[in-house]
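Engineer: Submitted below is the structure of interest, expressed as structure tokens.
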Amino acid sequence: MNKIGSANLCIVMINLKIILAKLQMLAFGADFCYYVTVRADQKIQTTERGA
């Protein structure tokens, strides 16, 4: 019983690590998208001013 319990705990911990890794990737992706969008907006504004 104890071995099964510890094995289940390991599986839960691994799943949590995978979920956390996915969340970190999502957060990084969101930051990256935001950064690219802001940069694109700045470029559009500067080209409009130049023209």
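Engineer: Going toward the positive end of the dipole of the chain, with +1 on Lys and Arg Cβ and -1 on Asp and Glu Cβ, which of I11, F28, T47 do you reach last?
Structural biologist: I11
Engineer: Shifting gears a bit: Taking the Cα atoms only, what angle lies between the long axis of helix 2-50 and the longest principal axis of the chain, rounded to 10 degrees?
Structural biologist: Approximately 0 degrees, to the nearest ten.
Engineer: With every protein chain kept in place and ligands, DNA and RNA left out, what is the accessible area per residue of the chain? Probe 1.4 Å, answer in Å².
Structural biologist: Here the per-residue accessible area is 99 Å².
Engineer: I need the P(r) histogram for the chain: all alpha carbon pairs, bin width 10 Å from 0 out to the longest distance, whole percents.
Structural biologist: All Cα pairs considered, the percentages come to 22, 22, 17, 15, 12, 8, 4, 1.
Engineer: Would you work out what percent of the accessible area of the chain, with all protein chains in place, is carbon or sulfur (probe 1.4 Å)? Numbers along the way, then the final one.
Structural biologist: Values: 3550 of 5030 Å².
That share works out to 71 percent.
The values are calculated or read from the model by the stated rules, or taken from the named source; none is laboratory data. Bear in mind the structure is a predicted one, so any value in this text is a computation, not a measurement. Positions of Cβ are backbone-derived with ideal geometry, glycine not excepted, and every protein chain shown enters the neighbour counts. Heavy atoms of the whole protein, side chains included, go into the accessibility calculation; ligands, DNA and RNA do not. Shrake-Rupley method; radii C 1.70, N 1.55, O 1.52, S 1.80 Å.
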